[in-house]
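The values are calculated or read from the model by the stated rules, or taken from the named source; none is laboratory data. Here the structure is a predicted model, which means the values were calculated and not measured. FYI the Cβ positions are ideal-geometry reconstructions off the backbone, even for glycines, and counts take in every protein chain you see. Surface areas here come from the heavy atoms of the whole protein model, side chains and all, with no ligands, DNA or RNA. Shrake-Rupley method; radii C 1.70, N 1.55, O 1.52, S 1.80 Å.
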Amino acid sequence: MQQIPVYVFTGFMDSGKTKFIQETLEDPRFNDGERTLLLVFEEGEEEYDFTTYPHKSVYMQVLDQETVTTKELAALTRKYKTDRIVMELNGMQQVGDLYMRFPEEWVVAQEVMFADATTFMAYNANMRNLVMDKLVGAQMVVFNRLTPGADTMPFHKIARAANRKIDILYDYTDGTTAYDDVIDPLPFDINAPVIEIKDEDYALWYRDVSEEPQKYDGKTVKFKAQVAMLRRDKDNMFAPGRFVMTCCVEDIEFCGVPCRYANPRELESRSWVMVTAKVNAEKHRLYKGELGPVLTAIEVVKGAQPAEPDVCTF
């Protein structure tokens with residue numbers, strides 16, 4: 001099955017998505033004649049001008065992001081004999097919900113978020129779940145309409161809290177741009193003989209070890225966690241972890257790491273333990289064929305003092 005690359009542009013109304021897509025499709029380096037299906041899920045004041053494209057093999061469809069089906073998307077692919085897809089998403093809808101309805105051959109090649117710096121903080125304060133939804137999966141975020149000399153650190157902190165790997169570009173009102181080059185150090189020493197994870201740093205460590213398990217391969221970690229049992233591995237494994245809130249109470253989930261342990265039946269579910277374990281990057285059913293962190297317990301101490309608060313955040 002031939003894969004079809006999908007270029008996804010997210011952000012809220014009037015954040016600059018349409019303008020950027022328009023300019024991209026006007027660029028002969030991108031628009032070199034490939035049959036491009038432009039799917040628009042949010043119509044703003046700015047409209048697409050097809051007369052400026054160097055090649056006319058761009059076909060636009062306006063769809064409802066909330067109701068569109070996999071069958072409808074697949075039918076459009078066949079109708080236009082699509083080589084690639086460009087999508088402008090609705091900022092008030094969850095990105096992941098739409099991804100779940102992608103046809104099997106659709107593969108996200110790039111996801112970029114656009115954010116109007118003059119309204120971004122208000123959106124983050126009032127609709128943080130929608131902001132985080134877009135930042136978490138994006139390879140890049142563009143903060144535009146920034147005044148030259150403006151403090152960019154608040155934008156940096158929010159973006160990197162959601163996604164440590166995201167590239168950040170600042171687009172200023174005087175026409176200049178600048179990439180964010182701030183390096184965020186981890187709050188724990190990854191080269192220590194035993195990497196000690198504080199309660200408040202568990203969410204950050206969990207994301208880092210999940211994204212780059214090979215970075216921790218062979219290292220030893222120590223952290224406080226709650227006990228969760230793995231049904232299929234109950235004879236020799238459990239999953240120490242913590243409840244993590246990404247952006248709001250609706251998004252709280254248990255984030256645990258599978259851990260080999262000789263006596264998991266002696267542990268009480270939801271009890272607190274102090275775990276010292278060796279990390280290995282390997283495959284496990286939880287990771288669906290990909291490498292992920294798997295622990296081998298060196299010591300599991302029962303009766304650890306419960307963490308305050310029980311729920312940690314990024």
Quiz item: Can you give the accessible area per residue of the range 1-59, in Å², using a 1.4 Å probe?
Solution: 53
Quiz item: Just 256, 289, 218 to compare: in a GNM of the chain, with alpha carbon springs under 10 Å, which one fluctuates most?
Solution: 289
Quiz item: Using only Cα atoms, what is the ratio of the radius of gyration of the range 156-314 to 2.2 N^0.38 Å?
Solution: 1.15
Quiz item: Rounded to the nearest whole Å³, what is the per residue volume of the convex hull around the Cα atoms of the range 147-239?
Solution: 137
Exercise. Work out, step by step, the length gained on full extension between residue 178 and residue 126: first 0.36 nm times the residue separation, then minus their alpha carbon distance; give nm to one decimal.
Key: 16.0 nm
Quiz item: Quick one: Debye curve from the C-alpha atoms of the range 17-70, no solvent, what's log10 I(q)/I(0) at q = 0.18, 0.25, 0.30 Å⁻¹?
Solution: -0.61, -1.02, -1.27
Quiz prompt | Dimensionless Rg/Rh of the range 73-153 - Kirkwood Rh, Rg from C-alpha atoms | solution = 1.06
Practice problem: Under a 10 Å cutoff between Cα atoms, tell me which one of 239, 277, 262 has the largest fluctuation in the Gaussian network model of the chain. | Solution: 262
Practice problem: With viscosity set to 0.890 mPa s and temperature to 25 °C, compute the Stokes-Einstein D of the range 46-94, Rh being the Kirkwood radius across alpha carbon pairs; µm²/s, no decimals. | Solution: 193
Practice problem: Choose one answer from 84, 260, 285: the residue with the largest mean-square fluctuation in a GNM of the chain with alpha-carbon springs under 10 Å. | Solution: 285
Quiz item: When the Karplus curve 6.51 cos²θ - 1.76 cosθ + 1.60 is applied with θ = phi - 60°, which whole-Hz ³J(HN,Hα) does each residue of the range 187-202 get, with x for Gly and Pro?
Solution: x, 9, 8, 6, 9, 5, x, 10, 7, 8, 9, 5, 3, 6, 9, 4
Quiz item: Of all accessible surface on the range 99-249 at a 1.4 Å probe, what whole percent is carbon and sulfur?
Solution: 50
Quiz item: How large is the convex hull of the Cα atoms of the chain per residue, expressed in Å³ as a whole number?
Solution: 161
Practice problem: Would you kindly state how much longer the chain becomes between residue 24 and residue 285 on full extension, computed as 0.36 nm times their sequence separation minus their alpha carbon distance, in nm to one decimal? | Solution: 89.9 nm
Quiz item: When ranked by the protection proxy of mean other Cβ atoms within 10 Å per residue, highest first, what sequence do the peptides 59-68, 137-146 form?
Solution: 137-146, 59-68
Exercise. Calculate the tail of P(r) for the range 264-314: the fraction of all Cα-Cα distances greater than 12 Å, expressed in %.
Key: 73
Quiz item: Given a 1.4 Å probe and every protein chain left where it sits, what share in percent of the accessible area of the range 1-89 is carbon and sulfur?
Solution: 48
Exercise. Give the accessible surface of the range 172-279 per residue, rounded to a whole number of Å², with probe radius 1.4 Å and ligands, DNA and RNA excluded.
Key: 53
Practice problem: For residue 2, put the label point 7 Å out on the Cα→Cβ axis and report which residues of the range 58-80 keep their amide N under 12 Å from it. | Solution: 78
